[in-house]
Amino acid sequence: MTEGARIVGLGNADRGDDAAGLLVARRLRELGVESAAESGDPLSLIESFGQTNDLIIVDAVITGATPGTIRCREVGPDAVATLEGGETSTHGLGVAQAIELARILNRLPQQIRIYGIEGRCFEIGAPPSREVLAAVESLAQQLSYYQLRGRQGGRRPAFEVR
Amino acid sequence: MSGQTRTIKVGTLARVEGEGALHIKLRGEQVTDVKLSIYEPPRFFEAFLRGRHYSEVPDITARICGICPIAYQMSAIHAIERALGVRVDPAVRLLRRLFYCGEWIESHALHVYMLHAPDFLGYEDAIQMAGNHRALVEQALRLKKIGNRLVQLLGGREIHPISAKVGGFYKNPAPRDLKALADDLKWALDASLQTVKVVSGFEFPEFEQDYEFVALSHADEYPLNEGRLISNRGLNLDAAEYEDHFIEQHVKHSNALHSIIRGRGSYLVGPLARFNLNFDQLPQVAREAANAAGLTPPVQNPFRSIIVRAVELVFACAEALRIVGEYEPPQQARVEPVARAGVGQAITEAPRGILYHRYALDDDGRIVAAKIVPPTSQNQKRIEDDLREFAAQVVAWPVDEAQWKCEQAIRNYDPCISCATHFLRLKIERE
């Protein structure tokens, strides 16, 4: 088990805004916060579940919101994960299915928070959009604060949407 | 039924890696049209690679696919080494073989248990299956993790590995790190043997096809990284001759090109082809498992590919265990190539079948031209041909069942459509 939340960024570095989760993970490491990057393979994600009781997943989503919008969903041990736009995941089986599979296998951490960054462009070879890059910086800064300082006071990033 | 008109529409096709589109048109009980539409990121990468230095190519091509990055690295590295006249230490060759075994273990465990088994056990997906078959899913997770560890050890990280390079590896793995994998690999071998037994007990539709199987073949080993390209209809080629015999045709309905054998048509690559053409090169433990499961080459029922994939899982675990046991670090982890102009082609066996790369380099070692033909593109026409035959068998079934069976027929090929597509949607239309 790791101390504090384990942060995993998902995505594909070569498909425009789909890189959002990977970019947050990279930025967090630059800020001195431990984080992992994964392609979103659901079985590998389930392995991450076994390493912590407090998991933060960051991924790109398509919900129809304004590009760059950050949303958060919490998943409890009994809840079925439903993330808006989850079916548009480019990672084969999606994050929601991985969570549901982990729930059946009794491998869910006590707490999972999924931060979704609304993407605009998912074309092969496209660079991340300006809006998503701004959201990546914002989320990384706030997760960094939460991990390094805010955690003791229970402070969480302010933009969570329930 | 004859003459009735109805349309079956299906959403995103589940349990294939990535997405695309399939359209089947029926008139009465006749299948009048089958179209599989896919997009091709490799085409983007071919353009993206031009002007890059050859040393960048393995890391760039590894990012084409999150499921089979080693395959892309290996084909790229071998092709460039051929262009530059590089010969590597035999121990490096073995390490590359071990690296590839890791990817086969990951990929086959994922497909056999999580993507294909639900079809035969009557579940919509692995999530539903997990409730009643938890042990199977736990076994898949552990197998996958062992494959991940191999890839991570040799590649530097689990996804988009970075250690392999033209000329060898950036760093040799320490013998103690490889030996530490032995116990896990012994467990994986036992689990794979159990897997063969489990999946051979599934029920399979009667559906045998007359395929041209195409795979690498090597005199001394089951093929992974090298060998001549052979078929059951007389092909016997070096990779440099590939484009003389295989051509890619543009089809209107797909963004991808259809690969065919010149003058003949579709062909099949992947586990069935490798098994049927290389059975004698499997290690004894895998041959015995296959025989006990009732598999005798040629296996011509694509639905039985799940058993063949499980037999290849046995092979990959046994081969990894052998290499780990015999490992002595290479004298040189790498040789430093000298840039020169030239052309090199290579074919390796990705989990889903042969992956062809060709690169032309200039005097400075920069890429002038690149060509990549992934296995799913090569099987694409064959999948359509299977569906043309198979849809006729299920035409009278209830719509939902017919649609589900057609999806299964596609999953027989474990199409890594993320190598080749965005979204796969299935539509069956009755005129």
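The values are calculated or read from the model by the stated rules, or taken from the named source; none is laboratory data. Treat the numbers as computed from the prediction; the structure is a model and nothing was measured. Note: ideal-geometry Cβ built from the backbone for every residue, glycine included; neighbour counts use all protein chains shown.
Some values worked out for this structure:
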read-out	value
Long-range neighbours under 7 Å by Cβ, at least six apart or interchain, first residue away from every other protein chain (no Cβ under 14 Å) within the stretch A:43-63, second among the acidic types (Asp, Glu) and surrounded by fewer than 20 Cβ atoms within 10 Å (Cβ to Cβ)	A:VAL61/A:GLU84; A:THR63/A:GLU84
Criterion violated by B:ARG233 - all others in (1) more than 18 Å from the chain's Cα centre (by Cα); (2) among the basic types (Lys, Arg); (3) under 23 Å from B:LEU313 (Cα atoms) satisfied	(3)
Condition met for A:GLY11 (surrounded by fewer than 22 Cβ atoms within 10 Å (Cβ to Cβ) and either under 28 Å from B:PHE44 (Cβ atoms) or at pLDDT below 85 (or both))	no
Pairs where the first residue, in the stretch B:168-194, is on the phi < 0 side of the Ramachandran plot and the second is of a type in the set (S, T, N, Q), C-beta under 8 Å, 6+ apart	B:PHE169/B:SER163; B:TYR170/B:SER163; B:LYS171/B:SER163; B:ALA191/B:GLN139; B:GLN194/B:GLN139
Sole residue being free of Cβ contacts under 8 Å to residues at least 12 places away in the same chain and crowded, with 19+ Cβ neighbours inside 10 Å, chosen from B:ILE70, B:ILE105, B:ILE80, B:ILE127	B:ILE127
Pick from the stretch B:151-183, criterion within 14 Å of chain A (Cβ to nearest Cβ) and surrounded by fewer than 20 Cβ atoms within 10 Å (Cβ to Cβ), ranking: modelled with the highest pLDDT	B:GLN152
B:LEU143 vs. criteria away from every other protein chain (no Cβ under 14 Å) and not charged (D, E, K, R)	no
Enumerated helices (runs of 4 or more DSSP H) restricted to the stretch B:78-162, each holding at least 1 residues that are acidic (Asp, Glu) and under 15 Å from B:GLY66 (Cα atoms)	B:90-109
So B:VAL308, is it free of Cβ contacts under 8 Å to residues at least 40 places away in the same chain, closer than 30 Å to B:ILE146 by Cβ and touching a Leu at 6+ places or on another chain (Cβ under 6 Å)	yes
Selection status of B:GLY51, at pLDDT 80 or above, assigned to a helix (DSSP H, G or I) and not polar (S, T, N, Q)	no
Residue satisfying condition, being among the basic types (Lys, Arg) and surrounded by fewer than 20 Cβ atoms within 10 Å (Cβ to Cβ), within set B:ARG309, B:ARG262	B:ARG262
Failed item in (1) at pLDDT 75 or above; (2) more than 14 Å from chain B (Cβ to nearest Cβ); (3) closer than 17 Å to A:ALA20 by Cβ, with A:VAL95 passing the rest	(2)
Elements of type strands (runs of 3 or more DSSP E) in the stretch B:286-403, at least 2 residues being at pLDDT below 95	B:367-373
Test: B:TYR222 is surrounded by 19 or more Cβ atoms within 10 Å (Cβ to Cβ), more than 21 Å from the chain's Cα centre (by Cα) and under 25 Å from B:ARG97 (Cβ atoms)	no
